[in-house]
């Protein structure tokens, strides 16, 4: 699974978004099959962000919502910060500014608490 995640991240970094999607989908399927709920949360965020890049906003939104619910259920503030940041960005893109502000504010608070400077910056940019 970790190899698939790394290959997905590499493909995403290199602008090979369809390849990233395939790797993240395979890793997500594996995480679900073995019951790794923490990795499932993170992969829902990665795949959601990838689908946003591909313009598949509806599918991305569904994955992000699933991830947010799962992260809250299992108590994963790090994953929740990532998912809320991605969902808040999607909300902004779709003109849902009030919902975006709520999500990004929570994401920033969680990113501050868990020491995630990249997510802090992303949430602050969305809130600006």
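Within the stretch 23-51, the residues that satisfy the criterion of being more than 12 Å from the chain's Cα centre (by Cα) and either surrounded by 20 or more Cβ atoms within 10 Å (Cβ to Cβ) or free of Cβ contacts under 8 Å to residues at least 12 places away in the same chain (or both) are 23, 27, 28, 29, 31, 32, 33, 35. When only residues in the stretch 81-103 that are buried (at least 24 other Cβ atoms within 10 Å of the Cβ) and over 15 Å from residue 47 (Cβ atoms) count, which is farthest from the chain's Cα centre (by Cα)? Taking the candidates together, the pick is 103. Scanning the stretch 56-65 for residues that are over 14 Å from residue 27 (Cβ atoms) and in a helix (DSSP H, G or I) returns 57, 58, 59, 60, 61, 62, 64, 65.
Every number in this text was worked out from the coordinates using simple rules, so none of it is lab data. Because the structure is a prediction, the values reported are computed rather than measured. Quick reminder, even Gly has a Cβ in these numbers, built from the backbone with ideal geometry, and neighbours come from all protein chains shown.
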